[in-house]
Amino acid sequence: MIDLRNPQPLLAELCAIARAAGDAILEVYGTDFAVRLKDDRSPLTEADQISNRIIAEGLHALDASVPLLSEESAPPDAATRRAWPRFWLVDPLDGTKEFLKRNGEFTVNIALVDGPRAVLGVVLAPAISRLYYGVVGHGAWRQDGADTARPIRVRETAATPLRVVGSRSHPSGELASYLAGLGAHEITPMGSSLKICLVAEGAADVYPRLGPTSEWDTAAAQAILESAGGRMIDRVGQPLRYNTKDDLLNPHFLAFGDPRRDWLAPIQTTRGSENRH
């Protein structure tokens, strides 16, 4: 039975599941693995499938009554899943392109979604032995290897110049326009949900994602970010929510720490400029 009033035992179980999946991913990572393309032309490896199986089995053993929605499993119809009061939302290998590049910037993402909100998240980067986890209302932590986990918190006063983290594999012209309106900044490219986790721990001020993502890409890291005092909003300032529509695509979004800064202003400025031309 899942009890979020005392989340530490549950977090320990979930971190163990993520580590087991991460170990299996690294076994494949060290081989000359095969790659095939899914229907949407995104890459799929044996590591995705093995990780998905380990996570699915672990979550079922933890509480068989909670449904699972995973990138690597066929989703039920929208009416069925929208009736779920609570469910697991999983990306067994986020950043497959980074996995293929062998740069270490890929993650295992496990989120618990309650209603439309991601309330618990575990993100493991197995190649660099870095684990993030958090529960909204209880805090967020980072653990490196076998070190003791330490609490993390967003940077609530943005740095000068601003520290921006951006997608390594998905740059866009819209992002370039946003950055031009942001003012002085330094940008760090990064893969997978690690970008949101960098904002959660205060290593970056903002992550603007002005391109396509799916709900399993962001749920776990959003829970960690919000547990660490940050926010993740769409282009009209509303928090990202899950399992509320027929498809599983996210809107464009901003993840940030400093609540006093108007992070949407560069988007609004860009819109105004476009309307004048």
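The values are calculated or read from the model by the stated rules, or taken from the named source; none is laboratory data. Source: prediction; values computed, not measured. Every residue, glycine among them, receives a Cβ derived from its backbone with ideal geometry; neighbour counts consider all protein chains shown. Note: areas computed on protein heavy atoms with side chains; ligands, DNA, RNA excluded. Shrake-Rupley method; radii C 1.70, N 1.55, O 1.52, S 1.80 Å.
I need the shape label for the stretch 1-137. Rule: rounded when a/c is under 1.5, else prolate if a/b > b/c, else oblate, with a, b, c from the alpha carbon gyration tensor. Display every interim value, and only then the final one.
Values: a/c = 2.10, a/b = 1.38, b/c = 1.52.
Note, shape of the stretch 1-137 comes out oblate.
With R₀ set to 25 Å, the beta-carbon distance separating Asp39 from Asp246 gives a calculated FRET efficiency near 0.90.
When DSSP beta bridges are limited to those with both residues in the chain, what percentage is antiparallel, rounded to the nearest 5?
Values: 41 of 51 bridges.
Here the share of antiparallel DSSP bridges comes out near 80 percent.
Taking the chain as a Gaussian network of alpha-carbon nodes connected by springs under 10 Å, the highest mean-square fluctuation of the residues Gly173, Gly137, Gly202 belongs to Gly173.
How large is log10 I(q)/I(0) at q = 0.12, 0.16, 0.21 Å⁻¹ when the Debye formula is applied to the Cα atoms of the stretch 137-236, each weighted equally and without solvent? Evaluating at q = 0.12, 0.16, 0.21 Å⁻¹ gives log10 I(q)/I(0) of -0.39, -0.69, -1.16.
For the chain, the solvent-accessible area works out to 44 Å² per residue, with a probe of 1.4 Å and every protein chain left in place.
About its Cα centre, what dipole magnitude does the chain give when the only charges are +1 on Lys and Arg Cβ and -1 on Asp and Glu Cβ, stated in debye to the nearest 20? Intermediate results must be reported in sequence, preceding the final value.
Numbers: 30 positive and 35 negative charges, 160 e Å.
Value, rounded to 20: 760 debye.
Cross-link partners for Lys101 among the lysines, with Cα-Cα distance under 22 Å and sequence neighbours closer than 8 places in the same chain left out: Lys38, Lys195.
Please state the shape class of the stretch 182-277: rounded when a/c is under 1.5, otherwise prolate if a/b exceeds b/c and oblate if not, all from the C-alpha gyration tensor. Because a/c hits 1.5 or more and a/b fails to exceed b/c, the stretch 182-277 counts as oblate. The antiparallel fraction among DSSP beta bridges confined to the stretch 64-199 stands at about 75%.
Report in % the part of the accessible area of the chain that belongs to carbon and sulfur, leaving out ligands and nucleic acids; probe 1.4 Å. Intermediate results must be reported in sequence, preceding the final value.
Working: 6160 of 12150 Å².
The computed percentage sits at 51.
Per residue, the convex hull spanned by the Cα atoms of the chain measures out at 131 cubic angstrom. Peptide packing for 103-113, 175-185 was compared via the average number of neighbouring C-beta atoms within 10 Å per residue; ordered from the highest value, the list is 103-113, 175-185.
In the Gaussian network model of the chain, springs joining C-alpha atoms below 10 Å, which of Gln222, Gln238, Gln143 carries the largest mean-square fluctuation? Highest fluctuation of the listed residues: Gln238.
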